[in-house]
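Worksheet for the structure shown next.
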């Protein structure tokens with residue numbers, strides 16, 4: 001075999017192996033071209049919060065997205081940056097529109113209660129007929145709780161418009177959702193669904209929930225049992241109290257039949 005034939009055969013073999021790599025090379029080249037193109041740098045950003053245009057408080061974070069390449073900027077990056085800027089945001093949706101537009105829609109979480117650490121949290125009269133009293137020293141740290149059971153914000157000041165949930169200071173709660181916070185959120189949702197007015201909830205070390213109603217009665221709830229049935233019984237008892245009648249001090253709902261103490 002001559003040298004010329006050997007070279008030709010080698011060239012044919014090289015083309016045979018390189019040909020399958022051509023599409024990948026084209027894609028890499030196209031990706032590099034798109035990443036450097038000025039056409040695909042973000043020029044228009046539309047932001048809506050609760051179906052209204054976003055306020056100026058979001059301008060710094062939105063400006064940081066401007067002129068970024070639409071292919072390089074991921075939706076996860078946008079969502080993470082917005083949540084870091086404002087932890088109360090939820091249901092964040094990001095839509096890219098070629099060549100250079102970004103559409104953001106989101107909602108703001110609404111707290112249903114605030115959780116407060118309480119030192120020496122006690123409920124007097126739990127196992128006796130003595131007068132019921134909920135006591136403790138509230139610390140200056142408050143978590144906000146949404147209807148799904150997520151803790152999403154920490155504040156050093158109490159919000160008087162929110163229901164307060166007391167919990168012992170040796171119970172470690174952190175941002176996010178836990179079995180305890182989800183239980184508390186489900187209970188509050190049930191109380192509101194049955195129109196039971198209350199002032200304070202307390203999660204005791206004994207794994208018992210105390211509800212101080214606006215009537216002045218303390219309701220005792222077992223968190224491991226269905227909330228709706230216990231709350232329905234509480235609503236039935238409270239709605240049956242007539243003007244001038246004695247109000248029960250305690251309403252214990254942990255048993256098959258409620259136990260009332262006067």
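At-a-glance table
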quantity	calculated
First in region 40-56 and touching a residue at least 60 places away in the same chain (Cβ under 8 Å), second anywhere and in a strand (DSSP E or B) and surrounded by 10 or more Cβ atoms within 10 Å (Cβ to Cβ), Cβ under 6 Å, 6 or more apart	40/69; 42/102
Qualifying position, being more than 26 Å from residue 55 (Cβ to Cβ) and in contact (Cβ under 8 Å) with a residue 12 or more places away in the chain, among 115, 110	115
Residue match in region 76-90 (condition: outside the structural domain of residue 205 (by TED's automatic domain parsing), touching a strand residue (DSSP E or B) at 6+ places or on another chain (Cβ under 9 Å) and assigned to a strand (DSSP E or B))	yes
Selection count, region 69-95, where residues are surrounded by 14 or more Cβ atoms within 10 Å (Cβ to Cβ), modelled with pLDDT of 90 or more and over 25 Å from residue 145 (Cα atoms)	2
Residue check, residue 219 under 22 Å from residue 114 (Cβ atoms), at pLDDT below 95 and touching a helix residue (DSSP H, G or I) at 6+ places or on another chain (Cβ under 7 Å)	yes
Filtered residues of region 212-227 (kept if farther than 19 Å from residue 148 by Cβ, in contact with a strand residue (DSSP E or B) (Cβ under 7 Å, 6 or more places away or on another chain) and either in a loop (DSSP other than H, G, I, E, B) or without any contact (Cβ under 8 Å) to a residue 24 or more places away in the chain (or both))	214, 217
Selection count, region 132-166, where residues are in contact with a helix residue (DSSP H, G or I) (Cβ under 8 Å, 6 or more places away or on another chain), touching a residue at least 40 places away in the same chain (Cβ under 8 Å) and in a strand (DSSP E or B)	4
Of residues in region 167-176 being in a strand (DSSP E or B) and either touching a helix residue (DSSP H, G or I) at 6+ places or on another chain (Cβ under 9 Å) or on the phi > 0 side of the Ramachandran plot (or both), the one surrounded by the fewest Cβ atoms within 10 Å (Cβ to Cβ)	176
Enumeration of residues in region 188-213 that are touching a helix residue (DSSP H, G or I) at 6+ places or on another chain (Cβ under 9 Å) and surrounded by fewer than 16 Cβ atoms within 10 Å (Cβ to Cβ)	193, 195, 197
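The values are calculated or read from the model by the stated rules, or taken from the named source; none is laboratory data. Note that the coordinates shown come from a computational prediction; the quantities given were computed from them, not determined experimentally. Glycine gets a Cβ as well: all are built from the backbone with ideal geometry, and neighbour counts include every protein chain shown.
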